[in-house]
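For reference, the structure is listed below as C-alpha cells.
The values are calculated or read from the model by the stated rules, or taken from the named source; none is laboratory data. What you are looking at is a predicted structure, and each value in this text was computed from that prediction instead of being measured. Cβ placement follows ideal geometry from the backbone for every residue including glycine, while neighbour counts extend to all protein chains displayed.
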Amino acid sequence: MIPAVEALERLKKGNQRFVSESRDLSNVAGKKRREELISGQKPFAVILGCSDSRVPAELVFDQGLGDLFVIRVAGNIIAPSLVGSVEFAAATFDTRLVVVLGHSQCGAIGATLDELEQPSEVRSPNLHSIVDRIRPAVEPLLEGDETPERSVLVHRAVRANVRASANHLRHGSAVLEELIRDGGLRVVGAEYSLETGVVDFFDGLDQL
C-alpha cells in the first residue's frame with residue numbers, strides 16, 4: 001500500500017516531467033509491463049477527472065499502465081456510479097489517494113454558467129443532468145451586485161466545483177468515510193492548466 005502523501009508526491013513529480021518535456025517513456029506501455037498486469041493491478045492513485053480530450057490523466061502525470069485508476073466524466077461531477085467507482089478502487093486495490101481533477105476553460109462549467117445566466121429549454125435532459133450537478137457549487141458565485149469578468153468567473157467556478165466534488169466524496173459515502181477515518185485514505189482537489197500544463201493541488205492538503 002502506497003500512503004497518500006507518497007502517492008501525491010509521485011503525481012507532482014510526474015507532472016513536473018510532463019511540463020518540462022522530460023517524460024519517462026521506458027515503462028509506459030511495453031510488453032513486459034502488460035504481462036506484469038495480467039494477474040492484477042495496484043494503482044497508486046484514483047483520478048476523478050473531466051472527459052475533456054486535452055486532459056488525459058496518465059499523460060498529465062507521466063504515468064503508465066496500471067499506475068492510475070482513472071474515472072472521467074464531463075465536469076468531474078459526482079454521481080452514484082462515480083462514487084461507487086472510487087469506493088471500488090479504494091477498497092479493492094488499497095489505493096489511498098483520490099484526486100478530483102478539474103481544468104481551466106472547462107466546457108461543462110461554461111455550459112453551467114450559460115444556463116444560470118440565460119436558461120435554455122433546448123439542451124438535452126442528459127446535458128441538463130450534468131449542469132444540475134454543477135449548479136449548486138457555481139450558483140453562489142453569481143450572487144451579489146457585481147459579477148466578475150467571464151475568465152475570472154470560470155476560474156472560480158472550476159475550483160468551486162472541484163471542492164464540491166471532493167467534499168461529496170469525503171462526506172457522501174460510508175465506505176470512503178470509514179477509509180478516511182481509519183485507513184489513511186485522502187481526497188484532494190486540483191486544477192490542470194491548459195495554458196501551462198501545470199497541475200495545482202489546492203484542496204484537502206491540510207488533511208495529509
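List of remarks:
- Residue within segment 120-128 that is over 19 Å from Gln41 (Cα atoms), charged (D, E, K, R) and either touching a His at 6+ places or on another chain (Cβ under 9 Å) or without any contact (Cβ under 8 Å) to a residue 60 or more places away in the chain (or both) present: yes
- When the test is whether a residue is of a type in the set (S, T, N, Q) and modelled with pLDDT under 95, Ser165 does not pass it.
- Those residues of segment 104-138 which are modelled with pLDDT of 90 or more, exposed (fewer than 15 other Cβ atoms within 10 Å of the Cβ) and of a type in the set (S, T, N, Q), in sequence order: Ser129
- Any hit, segment 165-178, residues being in contact (Cβ under 8 Å) with a residue 24 or more places away in the chain, surrounded by fewer than 19 Cβ atoms within 10 Å (Cβ to Cβ), in contact with a helix residue (DSSP H, G or I) (Cβ under 8 Å, 6 or more places away or on another chain) and of a type in the set (Val, Ile, Thr): yes
- Residue ID - surrounded by the most Cβ atoms within 10 Å (Cβ to Cβ), chosen from residues in segment 71-103 that are within 22 Å of Tyr192 (Cα to Cα) and out of contact with any strand residue (DSSP E or B) (no Cβ under 7 Å at 6 or more places or on another chain): Gly75
- Flag if Val60 is surrounded by 21 or more Cβ atoms within 10 Å (Cβ to Cβ), closer than 30 Å to Gly183 by Cβ and among the β-branched types (Val, Ile, Thr): yes
- Residue within segment 33-41 that is buried (at least 16 other Cβ atoms within 10 Å of the Cβ) and either free of Cβ contacts under 8 Å to residues at least 40 places away in the same chain or of a type outside the set (S, T, N, Q) (or both) present: no
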